[in-house]
Amino acid sequence: MTDAAELTRRTARLLADHPPATTARQDFLKARFDAGLAWVHYPQGLGGLGAPRSLQAVVDAALEAAGAPDNDPRRIGIGLGMAAPTILKYGTEEQKQRFLRPLWTGEEVWCQLFSEPGAGSDLAALGTRAVRQDDGDWIVNGQKVWTSSAHVARWAILIARTDPDVPKHAGITYFLCDMTDPGVEVRPLRQITGEAEFNEVFLTGVRIPDARRLGEVGDGWRVAQTTLNNERVAIGGMRLPREGGMIGPVAKTWRERPELRTHDLHQRLLKLWVEAEVARLTGERLRQQLAQGQPGPEGAGMKLAFARLNQEISGLEVELRGEEGLLYDDWTMRRPELVDFTGRDAGYRYLRSKGNSIEGGTSEVLLNIVAERVLGLPSEPRTDKDVAWKDLAR
Amino acid sequence: MEGPGPVNTQPDLLYSEEEEALRAAVRDLLADHCDAPGVIARTESDAPHDLAAWKALADGMGLAGLLVPEAHGGQGATHREAAVVLEELGRAVAPVPYLTSAVVATEALLACGDGELLGRLASGRTIGALAVGLHLAPGAAHPVAHVGNGVLSGELTGIADAAVADVLLVPGDDGALYAVRAQDATVTPQTSFDLTRPLATVTLADAPGRRLGEAGPAVRRALRAGAGLLASEQLGVADWALTETVRYLKERKQFNRPVGGFQALKHRLAQLWLEVVNLRAAARAAADALAAGEPSDETSVAVAVAQAYAAPVAVRAAEEALQLHAGIGMTWEHPVHLYLKRAKADSIAYGTAGAHRAALAELVDLSAP
Ligand SMILES: Cc1cc2nc3c(=O)[nH]c(=O)nc-3n(C[C@H](O)[C@H](O)[C@H](O)COP(=O)(O)OP(=O)(O)OC[C@H]3O[C@@H](n4cnc5c(N)ncnc54)[C@H](O)[C@@H]3O)c2cc1C
């Protein structure tokens, strides 16, 4: 088994062979991947060494101290957090070799073609069709929506219906879609902040080779579970310093602008400061559990907690700013590569954080998941379980 | 530097294997000694405290001496272990003077360095009570007894667990802390909201006292440890309320299905679960900070954060438990009222959430207007 000492040695060798100061960013990242130091818990040859996941921290700390470039995990979050674990679990050897390296180095950005106008929380109701051709390839037609980063993505994870004659969960297949293929059209979808971070994606006669199918035909729902579970895990358990989240900017404003303070705002600020600190500690506790190889169910709660906190804290900050709170920094329609909470004003943070309780599963749906999977409460009565998808009321 | 700055040394928020073993042992013992019907019956007797359970915890397991160094006959353990004991005591609303004697009085003596009395408290055969009102936050002003000619006089109210105390630690108006034997004072029970941690009035009429040391730092240290570890007791209370309610709602049927299957209730319970998960992290952080020994601003922040967060969660958990148990929850015979009374009293004990937020405002540089 690869231990911490071995990883330290390998990291030192990587740094010696590819000094960050004189190595181009992409070259360094490729070398790091090839040395198995990208995600150490991945298998050898796929950017890892089959080491315990907790040891990644050893590598990251050493590289950070040496000033090595990172792969900008926020920009490539969907690929890193969702596509990669799904490809690792269900991909063919050829798919793993083809996709994981450029995904990790950030050369290829991924997006997630899951949600549809008629299938949000009830994702399994989706209607985008993939029809098999005589040569085995698939032709895809349909519309996806709210697709973050589709305008910068090279690849997409896509779920589509391959059999309408069976109940909805059974007729779905999972594909890796080339966003540059003919028939893929990305249109910006402007959102309440003024910018267009997500998109509509129209799929018209898109041909996907069967080699780009991930998992068995009709097994797409199970494959998608891996993606969705990882989506939620990716959000909790990050290491934050005190005041490291949204509470930071508002605390700063409070300290620097005594003229804005009122007693009512003071009480609300202190309450939220405490809640933010406690959420930070809970995230840290989750991280410590993961590091010991005992993942707790707390992860499911972290997304809920941060969504509410981000919204309440940014809302408070708009009020605290008073007259300035009536202004907005910039309504220009842009298509940013990633969400920039800290580079923008309180009004932007307030509006964008409204998405935190919707994206990646709404808070209502997450509460259902906690109640059923963590607390073991009975699930909702269902009327759609044994009905063929084509016979469901729409 | 402005503000509290980043904290990069993270507290250890998990439970060690030894701590889990300790928890299991305490839980077993309380299952034998402190079942709910027994606790309810006791609250209506002349002896609300369960001294048999106390003896088993103190004598049998040596838990009264967790915070006392081995040199003074204690276990030399830390607040982390004491916190685990308090979680279990909270889960059972056990009527034992653990928090008041083994934590608060003990901490006051540790500050004074009185080895002899510490040893007696550590054995559990002597019960101590700090004669400061239970509602007072660390750093708050508190009433004192008059000291003259070496004897103490005055009346101190709201003293938790004084009814079973053998020795009272009394702050005097000369700035010193005194040990007064209970038999030299008059202890009159007050009718208390929390039946399982009753308060009493302590009346001193020329009572002899032994000077222990300076009262100011001793009381502050004692109340700070009390406040910090109270969060673990509150966690136990909240965790019981959530667990019992989930269990009940899976069983209880109305409209031909378990009521726990109705989404409105599922969401309330999931929300509560999230708050209990958060409370666990906050309580562990406070215990870990106290265990670090040297009192620092960081310890004060961790204690204030835990107390500002814990009280509302524990109260809400008990209130939700009552509402969701409905009719049965409103009865004297069902234990939920014991938890509601404890949770509500705890929300005042060692300072309210508001008092701890005010303390935080200073500590983390978020001053009032
Ligand atoms: C900023 C942002 C980025 C996004 N990025 C992506 C992306 O990259 N790729 C992608 O595929 N999707 C993306 N989404 C879509 C997102 O996953 C969906 O919006 C989300 O799953 C909810 O679906 P919906 O919007 O159709 O709401 P609906 O499912 O129609 O929900 C409407 C309301 O009903 C509630 N509701 C629904 N079902 C239940 C239930 N069973 N119990 C209780 N309440 C219920 C919901 O909580 C909500 O309040 C993004 C969304 C946002 C806001």
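The values are calculated or read from the model by the stated rules, or taken from the named source; none is laboratory data. Please read all numbers here as calculations on a predicted model, not as lab measurements. A quick note on method: Cβ atoms are made from the backbone with ideal geometry, for glycine too, and the neighbour counts reach across all protein chains shown. The area values use the complete protein model at the heavy-atom level, side chains included, leaving out ligands, DNA and RNA. Shrake-Rupley method; radii C 1.70, N 1.55, O 1.52, S 1.80 Å.
Within the stretch A:107-124, whose backbone N sits under 18 Å from a point 7 Å along Cα→Cβ of residue B:257?
In the stretch A:107-124, the label zone of residue B:257 (backbone N under 18 Å from the point 7 Å along Cα→Cβ) covers A:122.
Relative to the longest principal axis of the C-alpha atoms of chain B, give the angle of the C-alpha long axis of helix B:215-251, reported between 0 and 90° and rounded to the nearest 10°.
Helix B:215-251 sits at roughly 20 degrees to that axis.
For chain A, what is the calculated [θ] at 222 nm in deg cm²/dmol (nearest 500), taking -39500 (n - 2.57) for each run of four or more DSSP H residues and dividing by its residue count?
Working: 11 runs with 147 residues, N = 394.
Mean residue ellipticity at 222 nm (helix-derived): -12000 deg cm²/dmol.
Before rounding to the nearest 500, sum -39500 (n - 2.57) across all DSSP H runs of length at least 4 in chain B and divide by the residue total; then give [θ] at 222 nm in deg cm²/dmol. Display every interim value, and only then the final one.
Values: 11 runs with 180 residues, N = 369.
So the helix-based figure for chain B works out to -16000 deg cm²/dmol.
As a test of reading the structure, rank B:125, A:187, B:280 by solvent-accessible area (1.4 Å probe, protein chains only), most first. Walk me through the numbers before you get to the answer.
Numbers: B:125 175, A:187 100, B:280 45 Å².
Ranked from most to least accessible, the order is B:125, A:187, B:280.
With a 1.4 Å probe and all protein chains in place, put A:317, B:81 in order of accessible area, largest first.
Values: A:317 0, B:81 50 Å².
These residues rank, largest area first, as B:81, A:317.
Within a Cβ distance under 14 Å of residue A:207, other residues only, what is the Lys/Arg minus Asp/Glu net charge?
Details: positive: A:129, A:132, A:212, A:213; negative: A:134, A:135, A:137, A:178, A:181, A:210.
Within the 14 Å Cβ shell, the charges total -2.
Using a Cα-Cα cut-off of under 18 Å, which lysines could be cross-linked to residue A:96, ignoring same-chain neighbours fewer than 8 residues away?
Cα-Cα hits under 18 Å: A:30.
Quick check on packing: order B:300-309, B:321-330 by the mean number of other C-beta atoms within 10 Å, highest mean leading.
The densest-packed peptide leads the list: B:300-309, B:321-330.
To the nearest 10 degrees, how steeply does helix B:336-346 sit against the main Cα axis of chain B, on a 0 to 90 scale?
Once rounded, one gets 40 degrees.
In the protein assembly as shown, what percent of the accessible surface is made up of carbon and sulfur (1.4 Å probe, ligands and nucleic acids excluded)?
52
Could you tell me what percent of the DSSP beta bridges with both partners in the protein assembly as shown are antiparallel, to the nearest 5? Intermediate results must be reported in sequence, preceding the final value.
Values: 54 of 64 bridges.
Close to 85 percent.
Work out the mean other chain Cβ neighbour count within 10 Å for the residues of A:265-277 and drop it here as an integer. Walk me through the numbers before you get to the answer.
Values: counts 1, 7, 5, 0, 3, 13, 6, 0, 8, 13, 6, 1, 14.
The shielding value for this peptide is 6.
Let me make sure I get this right: for chain A, a, b and c are the square roots of the gyration tensor eigenvalues over alpha carbons, sorted descending. Under 1.5 in a/c it's rounded, otherwise prolate if a/b > b/c, else oblate. Which is it? Display every interim value, and only then the final one.
Details: a/c = 1.60, a/b = 1.16, b/c = 1.38.
Taking the square roots of the gyration eigenvalues as a ≥ b ≥ c, chain A is oblate.
What lysines does residue B:253 reach when the alpha-carbon gap must be under 19 Å and sequence neighbours fewer than 8 apart in one chain are set aside?
B:266
Going by a ≥ b ≥ c, the root eigenvalues of the Cα gyration tensor, does the stretch A:1-93 fall in the rounded group (a/c under 1.5), the prolate group (a/b larger than b/c) or the oblate group?
Details: a/c = 1.81, a/b = 1.28, b/c = 1.41.
Since a/c reaches 1.5 but b/c is at least a/b, the shape of the stretch A:1-93 is classed as oblate.
Take peptide B:261-271, look around each residue's Cβ out to 10 angstrom, count Cβ atoms belonging to other protein chains, and average those counts.
Working: counts 7, 3, 6, 0, 2, 10, 7, 2, 6, 14, 7.
For this peptide, the per-residue mean of nearby foreign Cβ atoms is 6.
Specify whether the C-alpha gyration tensor of the stretch B:206-262 places it in the rounded, prolate or oblate class, a ≥ b ≥ c being the square roots of the eigenvalues: rounded for a/c under 1.5, otherwise prolate if a/b is larger than b/c and oblate if not.
Numbers: a/c = 8.12, a/b = 4.03, b/c = 2.02.
Verdict is prolate for the stretch B:206-262.
Treating only the Cβ of Lys, Arg, Asp and Glu as charged (+1, +1, -1, -1), what charge dipole size does the stretch B:49-105 show about its Cα centre? Round to the nearest 20 debye.
Numbers: 3 positive and 6 negative charges, 13 e Å.
With Lys and Arg at +1 and Asp and Glu at -1, about 60 debye.
Could you run the numbers on buried accessible area between A and B, total for both chains, 1.4 angstrom probe, in Å² to the nearest 100? Can you show the working numbers first?
Values: alone 19360 and 16080 Å², together 31230 Å².
Heavy-atom accessible area buried at this interface is about 4200 Å².
Along the Cα-to-C-beta direction of residue B:59, a point sits 7 Å from the Cα; which residues of the stretch B:114-143 have their amide N less than 19 Å from that point?
Within reach of a label on residue B:59, which here means backbone N under 19 Å from a point 7 Å along Cα→Cβ, the stretch B:114-143 contributes B:119-128.
In the Gaussian network model of chain B, springs joining C-alpha atoms below 10 Å, which of B:343, B:270, B:25 carries the largest mean-square fluctuation?
With Cα springs under 10 Å in chain B, the top fluctuation among B:343, B:270, B:25 is at B:270.
Can you give the relative contact order of the stretch A:280-394 as a percent, counting alpha carbon pairs under 8 Å and 6+ residues apart? Each step should come with its number before you reach the end.
Details: 65 pairs, mean separation 29.0, N = 115.
Here the relative contact order equals 25 percent.
Relative contact order for the stretch A:39-109: what is it in percent, counting Cα pairs under 8 Å that are at least 6 residues apart? Don't skip to the answer; put the middle values down first.
Numbers: 58 pairs, mean separation 19.9, N = 71.
Computed value for the stretch A:39-109: 28 percent relative contact order.
Quantify how strongly other chains surround peptide A:246-253 by giving the mean number of their Cβ atoms within 10 Å of each of its Cβ atoms. Walk me through the numbers on the way to the answer.
Working: counts 0, 0, 2, 0, 1, 6, 2, 0.
Per-residue shielding by partner chains comes out at 1.
How about residue B:250: which aspartates and glutamates have a C-alpha closer than 16 Å to its C-alpha, ignoring those fewer than 8 places off in the same chain?
In chain and number order, the partners are A:372, A:380, B:320.
Would you tell me the accessible area of residue A:259, worked out with a 1.4 angstrom probe on the heavy atoms of the protein chains, in Å² to the nearest 10?
So the heavy atoms of residue A:259 present about 120 Å² to solvent.
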